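Engineer: Here it is, the structure, as C-alpha cells.
The values are calculated or read from the model by the stated rules, or taken from the named source; none is laboratory data. Note that this is a predicted model, so its numbers are computed, not measured. We place every Cβ from the backbone using ideal geometry, glycine too, and count neighbours over all the protein chains shown. These area figures cover heavy atoms from the full protein model, side chains too; ligands, DNA and RNA do not enter into them. Shrake-Rupley method; radii C 1.70, N 1.55, O 1.52, S 1.80 Å.
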Amino acid sequence: MEKIEEYMPAGPLMDISMIAGKFSEVYLPHWICIDDNPKILDKFAVLHIDDYGDVVEKVAEVTPSHVKLSEPAFSPRAVLMKVGFPVKIRCKVLIYKTNTAFLTLHVYLIPCDPGLRQEMDKQELSYGYNIIRKPHPERSLKMQDCFILTADLDGAEINPQKLKLRYESKDPNFFEVFIENPDRNFTLKLAQENEHEQVWTCVIRKDECQSTGHIQGQHFVDKHRHDLIERVSNIEPILDNLLRDGVIQQEDYDTIAAIRTTQDKVRKLFIGPLRAGGHACKDLFYKILEEKEPFLVTDLKRKES
C-alpha cells in the first residue's frame, strides 16, 4: 500500500476468496468518518491485488462504516482514501506496561485497524510487556493533527511532547510515560495540540501498575498449572482470544477444540503453545484468564497471600 502515492490506507487489507458461487456485492470496512464531510465520498477507492499487480478501483457506494463493490472478483483488497483531504478517522489507544523496575508505559494512538493492533500486541508482548486494556476514543480524530498526552501525577515524564496522527504500518511512534513510584490511581488525558480540547481520558489504577503474571520468579500460570487444568471452565472464548492474538494458530485451535474434556484441552495448551511461546504468550494467557475467569484468578491470588 505504500507504493500507492496518491492514496492512504482507509481500511484493513482483507484476503477474501470464493470457494464456489458468486456475490452480487460486498461491503469492505473503513475507518474514515464521513458524517460531517460529504465531499470526500468520491475520494474513496479500493486497492485490488492480484497476480498481475496492484490496481486501484472505484467504489459503487460509501456508508458510514463500509464501501460497496458490485460483482467483485475476490483477491486481497483494501479501502483507500485520496491524500490531501482533512479527514477524520476512528482510532484506538493501545497501552503496554514494560517490565522495567519503575513504571513505564508505551501509549500508541493508531487508526482502528485490527491488523495493526495485532502487530503491536505481538511486538510488545515479544519483549515480555503486558497489555492494559482501556476504552478507546468515542469521537473521530483528524488525520495529521498533533496530540498531547498528560498525566495528573507529580513527577510523570512523557516523551515525546506531541505525536502526529498518521498511518504507519511499520513501527509506529508512541508516547513513553515514566513514573518512578506511582502511589495512587492516576489519569491519562489526550488533547489536541492547538485547541487543547480533551479527546480521550482513562484511569490507570495502582493495582494495574503492579499487576503482573510473574510471581517470585515463577510465572503465575506455571505456578498454578494444576489448578488451572482442573478448574478452568470457560475454555471456548479463551481459545478464541488466543487465536485472535496469535498465541495459537488455526491448526492448534482445531486440534485443541476437538479434544473431548476441558481439562485435556487446557493441558494441551500448556504442553504445546504456552511452552513454545514462553513468557510473552503466558503473559497474554494470564490477561485473558483475568477477563474470562476473574473469580478463579482472584481465588488463586488469595491463596498466595
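Engineer: So is L80 more than 24 Å from K142 (Cβ to Cβ), open to solvent by less than 70 Å² (accessible area, probe 1.4 Å), modelled with pLDDT of 80 or more and assigned to a strand (DSSP E or B) or not? Even if it seems obvious, please write down each step before you answer.
Structural biologist: On the way: more than 24 Å from K142 (Cβ to Cβ): no; open to solvent by less than 70 Å² (accessible area, probe 1.4 Å): yes; modelled with pLDDT of 80 or more: yes; assigned to a strand (DSSP E or B): yes.
Criteria not met by L80.
Engineer: Next question. I need a count of the residues in segment 112-126 that are open to solvent by 60 Å² or more (accessible area, probe 1.4 Å) and among the hydrophobic types (A, V, I, L, M, F, W, C).
Structural biologist: 0
Engineer: Could you please find all residues in segment 5-26 being at pLDDT 80 or above and surrounded by 13 or more Cβ atoms within 10 Å (Cβ to Cβ)?
Structural biologist: Scanning segment 5-26 gives Y7, M8, P9, A10, G11, P12, L13, M14, V26.
Engineer: What number of residues within segment 88-113 are under 13 Å from the mean Cα position of the chain (by Cα) and assigned to a loop (DSSP other than H, G, I, E, B)?
Structural biologist: 2
Engineer: To continue, here is another question. Of L41, L47, L94, which residue is crowded, with 19+ Cβ neighbours inside 10 Å and over 30 Å from E208 (Cα atoms)?
Structural biologist: None of the other options fit; the residue is L47.
Engineer: While we're on this one: Please go through segment 138-154 and give me each residue that is open to solvent by 60 Å² or more (accessible area, probe 1.4 Å) and either aliphatic (A, V, I, L, M) or not in a strand (DSSP E or B) (or both), ordered by number.
Structural biologist: Start the filter on segment 138-154 by keeping residues that are open to solvent by 60 Å² or more (accessible area, probe 1.4 Å), which leaves 138-139, 142, 144, 150, 152, 154.
Across segment 138-154, the qualifying residues are E138, R139, Q144, D152, D154.
Engineer: Now, a different point. Mind listing whichever residues of segment 9-25 are in a strand (DSSP E or B) and under 25 Å from the mean Cα position of the chain (by Cα)?
Structural biologist: If the condition is that a residue be in a strand (DSSP E or B) and under 25 Å from the mean Cα position of the chain (by Cα), then P9, M14 are the ones that fit.
Engineer: Sticking with this one: Could you check segment 161-276 for helices (runs of 4 or more DSSP H) lying wholly inside it with 1 or more residues that are open to solvent by 50 Å² or more (accessible area, probe 1.4 Å), in contact (Cβ under 8 Å) with a residue 40 or more places away in the chain and closer than 30 Å to K142 by Cα? Steps first, please.
Structural biologist: Details: elements: 206-210, 220-223, 225-231, 235-244, 250-257, 262-269.
Filter on segment 161-276 gives 235-244.
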